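Each remark here refers to the structure printed beneath this line.
Nothing in this text is a laboratory measurement; each read-out follows from the coordinates by a stated rule. Please read all numbers here as calculations on a predicted model, not as lab measurements. Here Cβ is always computed from backbone atoms with ideal geometry, including for glycine, and neighbour counts include all displayed protein chains.
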């Protein structure tokens, strides 16, 4: 995968371009939702393209860090309700009620499990599945004008795209239920205090801040980052003893990498290590 934008042409972008853009440079893959007129809402064409791009990024060994962001004023407001209403009207129940299985679950699984760090650059409102996608990333950097809204109950739907998994782990079960039962927009500063954001920056500084963070992660020990990602996820569902055993496996894995050998040699030589992600 080289410096590029996404391949298939899709009319759903509605803004003179593809509904999802991909750029890969210097080990960083930036995935941009590109339906700004609809606040990057997710219709079927967009979900299919996003699923394929996120999976391709996950599989690309040249990519050492991924960034998910949106174009325009919004990050992503979740399901395209205009399309949703039309599917309800036409009775296309297969397209309507298989989207979690066909689209949302594969997208969020690839985001949450790819063997490299993932950053959400939340440039505007993240609502519904859009908020869930941001939570699946390792880190969330928010513009001060951004916010979260777990809007599912507002349209009489259950939560999806991993919200039931990630939200309680970030804010606790009681607060998660409150946010899901009574959806309202959580501004950036409150998101930071709740633990939904790692950092809040002025909107004008978002791109530079995320670029610097992504570059730092892309220059790091990628295999070790992947092992840490896996270990933290594993420990949330397993016992202390099982987690210790898994840590041992991950230590054996990372101890055999070129990056570990180089880092030890650099330490002995009192030099700064250079990591190659292998």
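Consider just the alpha-carbon atoms of region 148-224 and return their Rg together with their Dmax, both in angstrom.
Over region 148-224's Cα set, Rg and Dmax evaluate to 15.4, 44 Å.
Please give, to one decimal in nm, the separation of the simple spin-label points placed at residue 274 and residue 233, each 7 Å out from Cα toward the Cβ.
Label at residue 274, label at residue 233, 3.2 nm between them.
Grab the beta carbon distance between residue 61 and residue 81, set R0 = 41 Å, and tell me the FRET efficiency rounded to 0.05.
0.60
Rounded if a/c is under 1.5, else prolate if a/b is larger than b/c, else oblate: which is region 185-248, with a ≥ b ≥ c the root eigenvalues of its Cα gyration tensor?
Verdict is oblate for region 185-248.
In Å, what Kirkwood hydrodynamic radius results for region 222-268 from the alpha-carbon pair distances?
Its Kirkwood hydrodynamic radius stands at 11.3 Å.
If packing is taken as the average count of other Cβ atoms within 10 Å, what order do 125-132, 184-191 fall into, highest mean first?
125-132, 184-191
Taking 7 Å along the Cα-to-C-beta vector as the label spot, tell me the residue 144-residue 182 distance in nanometres, rounded to one decimal.
Here the answer is 2.8 nm between the modelled labels.
Among 260, 166, which comes first, then next, by fewest other beta-carbon atoms within 10 Å?
Ranking 260, 166 by Cβ neighbours within 10 Å, fewest first, gives 260, 166.
Between 120, 197, 263, where does the largest GNM mean-square fluctuation fall for the chain, given springs only between Cα atoms within less than 10 Å?
For the chain, modelled as a Gaussian network with Cα springs under 10 Å, the answer is 263.
Subtracting the Cα-Cα distance from 0.36 nm times the residue separation, let me have the gained length for residue 241 to residue 97 in nm, one decimal. Present the calculation step by step, with values, prior to reporting the outcome.
Working: separation 144, 0.36 × 144 = 51.84 nm, distance 3.98 nm.
Gain in length upon complete extension: 47.9 nm.
Cut-off 10 angstrom, C-alpha nodes, Gaussian network model of the chain. Which of 79, 199, 173 fluctuates the most?
173
Sort 268-274, 29-35 by the packing proxy (mean of other Cβ within 10 Å over each peptide's residues), most packed first. Walk me through the numbers on the way to the answer.
Numbers: 268-274: 9.7, 29-35: 25.3.
So the order, starting with the most tightly packed, is 29-35, 268-274.
Find how much the distance from residue 90 to residue 175 grows on full extension, using 0.36 nm per residue of separation minus their present alpha carbon separation; answer in nm with one decimal.
So the chain would gain 26.8 nm between residue 90 and residue 175.
Say we join alpha carbon atoms closer than 10 Å with springs in a Gaussian network model of the chain; which of 201, 77, 57 then has the biggest fluctuation?
201
Could you let me know the centre-to-centre spacing of region 117-137 and region 178-205, using Cα atoms, in angstrom?
11
Take residue 105 and residue 265, extend 7 Å from each Cα along the Cα→Cβ direction, and tell me the distance between the two endpoints in nm.
Simple spin-label model gives 4.6 nm for this pair.
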